[in-house]
Amino acid sequence: LDMGLSTTLNRELARYSVLSAKARDMRNLVRTLELPYWCMAFAIGIAVVGLSGPIAYYWVKADNLSPATVKQALMIMGGVVAFRWPISLYSGGLMGLQKQVLLNGINAFAATLRGVGAVLVLWLISPTIQAFFVWQIFASMVHTTLTAGFLWRSLPKSGQRSHFQKELLLRIWRFAAGMTGISVTAIILTQTDKIVLSKILPLEMFGYYTLATVVANALYYFVGPVFSALFPRFSQLVSVNNQAGLKDLYHKSCQFMSVMILPAAIVVSFFSSEILLLWTGDPVTVSNTHRIVSILIIGTALNGLMNLPYGLQLAHAWTKLTLYTNIIASIVLVPMIYFLATHYGVIGAASGWVILNSGYVLICIQIMHSRLLKGEQWRWYLDDVGVTIL
C-alpha cells in the first residue's frame, strides 16, 4: 500500500543529486508525494479501526483476552499505523540523498523512545495493552515529525516555495505503478502463511510462529542497511551511464551481502534450539519454535541475497520482471502455501517461504542478467554467493 512512492522518491532524489539545477524539482517532488502518502496513511488507519470489531470477534482466537480488549487494541493500532506510515516516504527521501547516518540517528532515538518509554508506561502508569499502544501513537508522531523535518532541511535550497505539481506525478507514474504492483503481490506472498495460520491455529501457536518469524527476520538488520546504502548509488551510476563502475560496485556489494547474511543464517539454522534457549530461557517456547526458525531463516537468507539484484532492476526503472514473477508466484504458491499450512501446520507454511525464494534465486537472476549487466549471472552464483557458502 506504499504505492511505490518511498522507493520512487529514493530513486528520483538520488538521480537529481548528480544532475545540475534540480533543487526546485527535488523540493516540489517531495511536496507532491506527501499528499497521496498522507491520504493513504489516514485511509489505512480508518480501515483498521473499522475492521477491529470483526477481527476481534470473528478472526482472532484469543484465550486469555476478551474480544472487547482485542478490539480496543486493534483500534489503537490503527492510529499507530496512520502516524507511522509517512515515515517510509521521508526515510526514502533521506536515503536517496544518502543521509543514512542521519536517518539512523533519528531511528535510534525513536526506537529508544518507543521501547524504553513503553516500559516506563507499563511499569508506572498502566500495565495494559491499551496503554502500550497509546504510547506507540505518541512515539510514532514524534518519529514522523523528526524524519519529515530533517528531510526538508537536507534538501538543497531553491529560493522558491515548493508546491504540488501534477506533471511530476505523470512523469513518475509508470515506475510508481510498477512498484505498487510489486508491493501488493509481495504482501500476498509474504503474508499468506500468517493469514492462513492466524485462522486455523490457536493464538498461542500462532504466537510461536510469529516469534520464529521475528528471529528469521533479524537477518534484515544486515540486509536493510546494505540495500539502503547501495540502491541510491546504483541509481546515480545508471543516471550517468557508468556501466563499468556499476558492474564493479554490483559484484562487490553482492559479495559483501553474502558475507553479512549467509554465515549468520547457517549458524542460526543449525543451532536454532540452543540460540532460542539462550534468548528466551523457556524450553516450551524452544520446542514449539526452533524447527520453524531453522526453515524460515534459510528462506529469509535467499530473499536477502536477491535484494541487491532487485535494487539494480529498480535503478534502471525496470519493475516488470519482479512484478510478473510475483504474479506468477502468487498464482502458484498461494494455494500451495494454503495446502501446506492446512496439512502440515507451521512447518508446511514455513517451507513455502523457502520454495518461493529458491525460485527467485534460480530463475530471476538468469532472466535479469540477460538484460542488465549481461552474462554476469555466473559470476554472481560462483564468486558473489558460492564462495561464501563454501
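The values are calculated or read from the model by the stated rules, or taken from the named source; none is laboratory data. Treat the numbers as computed from the prediction; the structure is a model and nothing was measured. Glycine gets a Cβ as well: all are built from the backbone with ideal geometry, and neighbour counts include every protein chain shown. Surface areas here come from the heavy atoms of the whole protein model, side chains and all, with no ligands, DNA or RNA. Shrake-Rupley method; radii C 1.70, N 1.55, O 1.52, S 1.80 Å.
Could you grab the pairs with beta carbons closer than 7 Å, sequence gap of 6+ or different chains, first residue in segment 4-22 and modelled with pLDDT under 90, second one surrounded by fewer than 24 Cβ atoms within 10 Å (Cβ to Cβ) and among the charged types (D, E, K, R)?
Tyr16/Lys22; Tyr16/Asp25
Looking at Pro309, Pro335 in this structure, which one is in a helix (DSSP H, G or I) and surrounded by fewer than 19 Cβ atoms within 10 Å (Cβ to Cβ)?
Being in a helix (DSSP H, G or I) and surrounded by fewer than 19 Cβ atoms within 10 Å (Cβ to Cβ) holds for just one of Pro309, Pro335, which is Pro335.
Conditions tested, residue by residue: (1) buried (at least 23 other Cβ atoms within 10 Å of the Cβ); (2) not hydroxyl-bearing (Ser, Thr, Tyr).
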residue: Met257; (1), (2): yes, yes
residue: Gly281; (1), (2): no, yes
residue: His290; (1), (2): no, yes
residue: Ser294; (1), (2): no, no
residue: Gly304; (1), (2): yes, yes
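What tally of residues in segment 160-191 results from selecting those that are without any contact (Cβ under 8 Å) to a residue 24 or more places away in the chain and within 24 Å of Ser20 (Cβ to Cβ)?
4
Can you name the residue in segment 23-67 that is among the basic types (Lys, Arg), over 19 Å from Trp173 (Cβ atoms) and open to solvent by 40 Å² or more (accessible area, probe 1.4 Å) and, of all such residues, is modelled with the highest pLDDT?
Ranking the candidates gives Arg24 first.
Quick one: Val240 ticks every box in (1) open to solvent by 50 Å² or more (accessible area, probe 1.4 Å); (2) farther than 22 Å from Gly96 by Cβ; (3) of a type in the set (A, V, I, L, M) except a single one, so which number is it?
(2)
Check off (1) open to solvent by 30 Å² or more (accessible area, probe 1.4 Å); (2) more than 25 Å from Ser183 (Cα to Cα) for Val286 and give me the number that stays unchecked.
Evaluating Val286 over (1) open to solvent by 30 Å² or more (accessible area, probe 1.4 Å); (2) more than 25 Å from Ser183 (Cα to Cα) leaves (1) as the failure.
Sort out which residues of segment 212-225 are in contact (Cβ under 8 Å) with a residue 40 or more places away in the chain and either more than 27 Å from Ala62 (Cα to Cα) or surrounded by 18 or more Cβ atoms within 10 Å (Cβ to Cβ) (or both), and write them in order of number.
Ala212, Thr213, Val215, Ala216, Leu219, Tyr220, Phe222, Val223, Pro225
Go through segment 312-332 and count every residue that is in a helix (DSSP H, G or I), hydroxyl-bearing (Ser, Thr, Tyr) and either touching a His at 6+ places or on another chain (Cβ under 7 Å) or over 12 Å from Ile188 (Cα atoms) (or both).
Matching residues across segment 312-332 total 3.
For Leu249, state whether it is open to solvent by 10 Å² or more (accessible area, probe 1.4 Å) and within 16 Å of Leu373 (Cα to Cα).
When the stated conditions are applied, Leu249 passes them.
Report whether or not Gly115 is open to solvent by less than 40 Å² (accessible area, probe 1.4 Å) and touching a residue at least 12 places away in the same chain (Cβ under 8 Å).
No; evaluated as a whole, the condition is false for this residue.
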